[in-house]
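The values are calculated or read from the model by the stated rules, or taken from the named source; none is laboratory data. Keep in mind that this is a model prediction, so the values were computed, not measured. Note: ideal-geometry Cβ built from the backbone for every residue, glycine included; neighbour counts use all protein chains shown. Surface areas here come from the heavy atoms of the whole protein model, side chains and all, with no ligands, DNA or RNA. Shrake-Rupley method; radii C 1.70, N 1.55, O 1.52, S 1.80 Å.
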Amino acid sequence: LTGNWTVSFWMKRLGSGTGDFPQVIGSRPWTAGLDKGWAVAWDSSGNKICSHYADGSTGFDVNSGSTCSSSSSTLNSFEYWTVVFDRTNSQLRYYKSGGIDVTNSKTYTTGSVNQSDAVNIGREIGGANNRRLNAVLDEVRVSNAVRSAAWIAAEYKSEVDTFNTFASEEPRIATSGT
């Protein structure tokens, strides 16, 4: 990944999971703080959604406060999260339930974070392999574009059936035939 991208997902946490930052989705080996790759993870101590982005020597990791959401994740409740990696504007934005949660200023690496590890959902790739998310995930999406606030709000509303509203059915009017 060398440009901008957006990650969105529905998550219903069922418990704590294992490890300090159980991964929601990502591709990184979890061997060092700035290991090459990217990830969106749940902070088990702060109860927030956090992100990792690094090229192997520079970037940011999940455990540095400004890489996390402001809002907490609720146990046993489906929530819609979106994380926007906006390299063009040096921002990392979090949305919860279609609305902006927080915008963090970030310095992104100029290099690529591509590496040979697979993208995994709900678990880490390498390291001690002890980070496992205890959650139901649905509608996990990764797109290579910065999604706007309007796009994210519309996507959320369409998935909870509040995007369009319809009036009640009109009554049938009998006619006299003339």
Of all accessible heavy-atom area on region 72-150, the percent that carbon and sulfur account for (1.4 Å): 44
Rounded to the nearest 500, the 222 nm mean residue ellipticity computed for the chain from DSSP H runs (n ≥ 4, each -39500 (n - 2.57)) alone is -2000 deg cm²/dmol
Residues whose placed amide H lies under 5 Å from that of residue 102, excluding near-sequence neighbours: 70, 94
According to a simple spin-label model (label point 7 Å from Cα along Cα-to-Cβ), what is the distance in nm between residue 100 and residue 130? 4.0
Reduced to Cα centres, the span from region 96-152 to region 1-71 in Å works out to 7
Quick one: Karplus J couplings for region 93-106, per residue in order, coefficients 6.51, -1.76, 1.60, θ = phi - 60°, nearest Hz, x for Gly and Pro? 10, 10, 10, 10, 6, x, x, 4, 9, 6, 10, 10, 7, 9
Just checking my list (i) 1.18; (ii) 1.25; (iii) 1.98 against Cα Rg over 2.2 N^0.38 Å computed from this structure; which label fits? (ii)
Can you give the accessible area per residue of the chain, in Å², using a 1.4 Å probe? 50
Under a plain spin-label model, where a point goes 7 Å from the Cα along Cα-to-Cβ, how far apart in nm are residue 76 and residue 148? 4.0
For the chain, with a Gaussian network of springs between Cα atoms less than 10 Å apart, report the residue from 116, 16, 44 with the top mean-square fluctuation. 116
Search the structure for amide H atoms under 5 Å from the amide H of residue 124, placed 1.01 Å from N in the peptide plane, and list their residues when 5 or more places away or on another chain. 23, 131
